[in-house]
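Visitor: Following this message is one structure expressed as structure tokens.
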Amino acid sequence: MILDFPSFLIKRNRQSRHLRITVKAGGHVTVSAPLRITESAVMSFVVSKGVWLRKTVERFKKIPDTKLSRWQEKRLYTDYKAQAKVLAEKKVFELNKFYKFSFGKIAIRNSRSRWGSCSSKGTLSFNYKIAFLPERLADYLVVHELCHLKEHNHSKNFWQLVAKMIPNHGILRKELRDFEKTFKFPSVGI
């Protein structure tokens, strides 16, 4: 390993499309990598993030590395999911007054890579982490999924539909991505 550089674990994942660095409590670093990417490409990526990584590891070393029991994790997830369900239902009914779309049920999931989805049957699904979002981002997320009830893609028509209620959707979309990268979500191993 490189001198004065945090050690890290590389996890290969068939579903990963991009390289991702995760720093957890205690300063533990994991790099998620697609199966086909070379080790030298992984190393180059990690080294390119060196300044950020060192700062982040130092900050996270101060956070106690506490592990929850499986029962505690399940209980936390159940609580987060219940909070997310109340929030999502409230937001969907409130924001859909503008669009007046028909939809099926509202579901809460634990997805690693998605904030929400809309099925062909009209089921609106949201990540339980919606409960941790600032209100403007939760509103954007709900409007985004509501608009998929009419436009099942990300076409120009879709974005025009979103813009009717959220004209600054581009800014909020970027803010949501940034929030996801910087906010330390409570982890549940469900």
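The values are calculated or read from the model by the stated rules, or taken from the named source; none is laboratory data. Quick caveat, the model's predicted, so the values are computed rather than measured. Backbone-built Cβ (ideal geometry, glycine too); neighbour counts: all protein chains shown.
Visitor: Out of the range 35-84, which residues are of a type in the set (D, E, K, R) and over 26 Å from Ile108 (Cα atoms)?
Guide: Result: Arg36, Glu39, Lys49, Arg54, Lys55, Glu58, Arg59, Lys61, Lys62, Asp65.
Visitor: Regarding Phe103, is this residue touching a helix residue (DSSP H, G or I) at 6+ places or on another chain (Cβ under 6 Å), assigned by TED's automatic domain parsing to the domain that holds Leu161 and hydrophobic (A, V, I, L, M, F, W, C)?
Guide: Considered against the rule, which asks whether it is touching a helix residue (DSSP H, G or I) at 6+ places or on another chain (Cβ under 6 Å), assigned by TED's automatic domain parsing to the domain that holds Leu161 and hydrophobic (A, V, I, L, M, F, W, C), Phe103 comes out as no.
Visitor: Just need a number here: residues in the range 23-41 that are surrounded by 13 or more Cβ atoms within 10 Å (Cβ to Cβ) and either charged (D, E, K, R) or part of a strand (DSSP E or B) (or both).
Guide: Residues flagged as surrounded by 13 or more Cβ atoms within 10 Å (Cβ to Cβ) and either charged (D, E, K, R) or part of a strand (DSSP E or B) (or both) within the range 23-41 amount to 9.
Visitor: Taking only the range 42-71 into account, find how many residues are surrounded by 13 or more Cβ atoms within 10 Å (Cβ to Cβ), part of a helix (DSSP H, G or I) and of a type outside the set (Val, Ile, Thr).
Guide: As a first pass, look at the range 42-71 and keep what is surrounded by 13 or more Cβ atoms within 10 Å (Cβ to Cβ): 42-43, 45-46, 49-50, 53-54, 56-57, 60-61, 63, 68.
Next, only the ones that are part of a helix (DSSP H, G or I) stay: 42-43, 45-46, 50, 53-54, 56-57, 60-61.
Keeping just the survivors that are of a type outside the set (Val, Ile, Thr) gives 43, 45, 50, 53-54, 60-61.
Of the residues in that region, 7 qualify.
Visitor: Shifting gears a bit: If you check Ser111, Ser117, which single one turns out to be within 24 Å of Gln15 (Cα to Cα), among the polar types (S, T, N, Q) and part of a loop (DSSP other than H, G, I, E, B)?
Guide: Ser111
Okay, residues lined up against (1) surrounded by 19 or more Cβ atoms within 10 Å (Cβ to Cβ); (2) in contact with a Lys or Arg (Cβ under 7 Å, 6 or more places away or on another chain); (3) over 24 Å from Arg177 (Cα atoms); (4) of a type outside the set (Gly, Ala, Ser):
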site: Lys90; (1), (2), (3), (4): no, no, no, yes
site: Lys97; (1), (2), (3), (4): no, no, yes, yes
site: Ser113; (1), (2), (3), (4): no, no, no, no
site: Ala138; (1), (2), (3), (4): yes, yes, no, no
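Visitor: While we're looking at this one, here's another question. Return the residues of the range 146-173 that are part of a loop (DSSP other than H, G, I, E, B) and not charged (D, E, K, R); say none if nothing qualifies.
Guide: Of everything in the range 146-173, those that are part of a loop (DSSP other than H, G, I, E, B) and not charged (D, E, K, R) turn out to be His148, Leu149, His152, Asn153, His154, Ser155, Ile166, Pro167, Asn168.
Visitor: Let me ask something else. Does Phe158 count as free of Cβ contacts under 8 Å to residues at least 24 places away in the same chain, surrounded by 13 or more Cβ atoms within 10 Å (Cβ to Cβ) and over 17 Å from the mean Cα position of the chain (by Cα)?
Guide: Criteria met by Phe158.
Visitor: Can you work out which of the residues in the range 78-88 that are out of contact with any Phe, Trp or Tyr (no Cβ under 7 Å at 6 or more places or on another chain) and buried (at least 17 other Cβ atoms within 10 Å of the Cβ) is farthest from Met165 (Cα to Cα)?
Guide: Only one residue fits best here, namely Lys85.
Visitor: Right, next: For the range 62-74, state whether one or more residues are touching a Phe, Trp or Tyr at 6+ places or on another chain (Cβ under 8 Å) and in contact (Cβ under 8 Å) with a residue 24 or more places away in the chain.
Guide: no
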